[in-house]
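**Student:** Let me give you the structure first, and then I'll get to my questions.
The values are calculated or read from the model by the stated rules, or taken from the named source; none is laboratory data. Since the model is a prediction, treat every value here as computed from it, not as a measurement. Virtual Cβ from ideal backbone geometry, glycine too; neighbours counted across all protein chains shown. Side chains are part of the model used for accessible areas, which takes the heavy atoms of the whole protein and leaves out ligands, DNA and RNA. Shrake-Rupley method; radii C 1.70, N 1.55, O 1.52, S 1.80 Å.
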Amino acid sequence: MGRTLHLSRRPTLPGLRPARRPCCPPGPKRRSGSSPRPERGRPARSGRRRHAVTGMVERAAAAARAEGAGAAEGERSEPLGNITHSASVAGEWFALRDRKPGKVDRSDPAQRQAARDTARGERWDLRRAMRGFTESRRVRSCGRAGAREDGSVVLRVTDATGTAAESSTGATGSVAGFGGLFHCGNVWLCPECSTKIAAARAAELESVLAHHIAAGGWAILVTVTMRHHRGHGLDQCLTAAGRGWRAVVSGRRWQDDKAASGFAGYARALEITESPENGWHVHFHAVIVFSARPSDDMVEHVVEGMFSRWSAGLVKAGMPAPSREHGLDVQHLDPDAGAGRSFGSVRAWAKYVTKGIAAEATLGVTKSARGGNRTARELMRDALAPQRWENPANGQHVLTVDQTARVRLREYERAVKGRKMLTWSTGRHDLREAAGLGEERTDDEIAADDLDGEDVAVITRDGWRAVKARATELLSVTETAGPDAARRWLTERGVDWYAPTRLTDQHRRHVETG
């Protein structure tokens, strides 16, 4: 008692980071042979299938109690944080966690590929875990075979340098993917689809900004945040935020400010993070585009008006007024961002200086939150990825998941249903139309895009059953060693596949193209 335990880190699931505030290790000791009691306030779920992780936890916890680990009957433990100053009721348990990955040297192909493999493995693991949690049928089907009539899956590889895939994966060469899998297109709940959609949206915004800046325009990034506490539900926060933004872009002053400043349009992205201490954190990133660079005084006048209306709208919706210090942030394009670099055109320079602002505005679903906040993906890790605890006295291991995070994730899923991540100004201030991008594609359409490139192999329905558990390994082999190595990988493991060919009347197993 009273000792400080510094927790080590060791993998539980590949690439998954454990909860910041994990649930407690096993509870009070029971007499040997007694059956586990149901949780307080919750009836026993006899006859229903329990979550696999929950079952492992109960079995491991029972074994630990049988070994004598525990405290007196009736004691209650405090949740363990990253560092605990007290022993748990099951003895001095500590978490075995992953080590934080070091900084990746982007000039080293091996390190770059390793980082891509780790990120992709994490996304696939979380998507698989979400199938057993989500209420959405589309999310449960995401990543499953069946999009092709015969149930086959096509392995493809392409050079993704300079494309949206480069933004989302860090690719500077070959990128492999599968065709014939279902995609849910859910930017809020699916780790794989959200990455694809966010990268495509960022590329669109980058192209729009580059067009307007090359034509002499300018842009700023305005972030407005609401004041909140843990008692505010997410649905309440989102409803209030919507009313606050409608107040920002309406009224006489907004019309006057647009006319005086040379306002050209805006793109607004919704971002949601969560803090175990402070609850839901809802905020908007708005890229404001002007037809010419306004004076600093004019920018300040426009921004102050936006924040004033934002605050008034939130108060009218029943939320506390945000402070100027924490409720508003403004970032300007840096005119010296390209210093020391050679650009072939104004558009190339514009794309360079707007890349960061576009990514900041649209990639909130894929990045890590600051401070003690958790993004949706980090919330999924904490809620769905089991964390391993060890009792150093006897080496007993117990797997747990953060039950509080599971409750918050369920609330999140229900609150974000039907909401858009990115919205654009319309009418005379339609930035997309002015940049020649045409009609905006839906999230479903973006997620359904299969990777273009060379077809490496067609994996049959039966073959995919053998491959899917190691699909990310096959993708890595294809990217690093090439198509021939990928085909050898399949053959050596006895996977049923055939070479892509225009002959559709029969399957020719293990026959090279041509």
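**Student:** Please find the FRET efficiency linking Ala260 to His332, where r is the Cβ-Cβ separation and R0 is fixed at 22 Å, and quote it to the nearest 0.05.
**Tutor:** Efficiency, rounded to the nearest 0.05: 0.75.
**Student:** Return the distance in nm (one decimal) between the two label points of a simple spin-label model at Ser141 and Arg441, each offset 7 Å from Cα along Cα→Cβ.
**Tutor:** 2.0
**Student:** In whole Hz and in residue order, list the ³J(HN,Hα) couplings for region 261-269 that follow from phi through the Karplus curve 6.51 cos²θ - 1.76 cosθ + 1.60, θ = phi - 60°; x for Gly and Pro.
**Tutor:** With the stated coefficients, region 261-269 comes to 9, x, 4, 10, x, 8, 10, 10, 10 Hz.
**Student:** Considering only protein heavy atoms and a 1.4 Å probe, what is the carbon-and-sulfur percentage of the accessible area of region 409-472?
**Tutor:** Accessible surface attributable to carbon and sulfur in region 409-472 totals 43 percent.
**Student:** Greater than 28 Å separation of Cα atoms is the criterion. Which listed pairs, Lys420/Lys468; Lys103/Lys468; Lys258/Lys420; Lys196/Lys468, meet it?
**Tutor:** Listed pairs above 28 Å: Lys420/Lys468; Lys103/Lys468.
**Student:** With all protein chains present and a 1.4 Å probe, how do Lys258, Lys316 order by accessible area, largest first?
**Tutor:** Lys316, Lys258
**Student:** How much length is gained if the chain between Lys103 and Arg252 is pulled fully straight, taking 0.36 nm per residue apart and subtracting their Cα-Cα distance, in nm to one decimal?
**Tutor:** Answer, rounded to one decimal: 48.7 nm.
**Student:** Computed FRET efficiency, Cβ-Cβ of Asp235 and Asn394, R0 51 Å: what is it to the nearest 0.05?
**Tutor:** 0.65
**Student:** Report the label-to-label distance for Asp150 and Arg131 in nanometres (one decimal), using points 7 Å from each Cα along the Cα→Cβ vector.
**Tutor:** Those two pseudo-labels are separated by 2.3 nm.
**Student:** Moving on to the next point. Can you check how the C-alpha radius of gyration of region 204-296 compares to 2.2 N^0.38 Å, as a plain ratio?
**Tutor:** 1.28
**Student:** Taking θ as phi - 60°, what are the ³J(HN,Hα) couplings along region 107-116 by the Karplus curve (6.51, -1.76, 1.60), each to the nearest whole Hz, with x for Gly and Pro?
**Tutor:** Those phi angles translate into 7, 9, x, 5, 5, 5, 5, 4, 5, 5 Hz.
**Student:** Once amide H atoms are placed 1.01 Å from N in the peptide plane, what residues at a sequence separation of 5 or more from Val456, or on another chain, have their amide H within under 5 Å of its amide H?
**Tutor:** Close amide H contacts, sequence-distant or interchain: Leu155, Arg156, Val157.
**Student:** Gly173's amide H: which non-local residues (gap 5+, or another chain) put their own amide H closer than 5 Å, with H modeled 1.01 Å from N in plane and none for Pro or chain starts?
**Tutor:** The answer is Ala160, Thr161.
**Student:** Run the numbers for Asp462 and Glu304: contour at 0.36 nm per residue of separation, minus the present Cα-Cα distance, in nm.
**Tutor:** 50.8 nm
**Student:** Follow-up. At 1.4 Å probe size, with the rest of the protein present, what percent of the exposed accessible area of region 107-150 is carbon and sulfur atoms?
**Tutor:** After summing per-atom areas, the C and S share lands at 45 percent.
**Student:** Express the accessible area of region 165-273 per residue in Å², computed with a 1.4 Å probe while the remaining protein chains stay in the model.
**Tutor:** Heavy-atom accessible area per residue stands at 31 Å².
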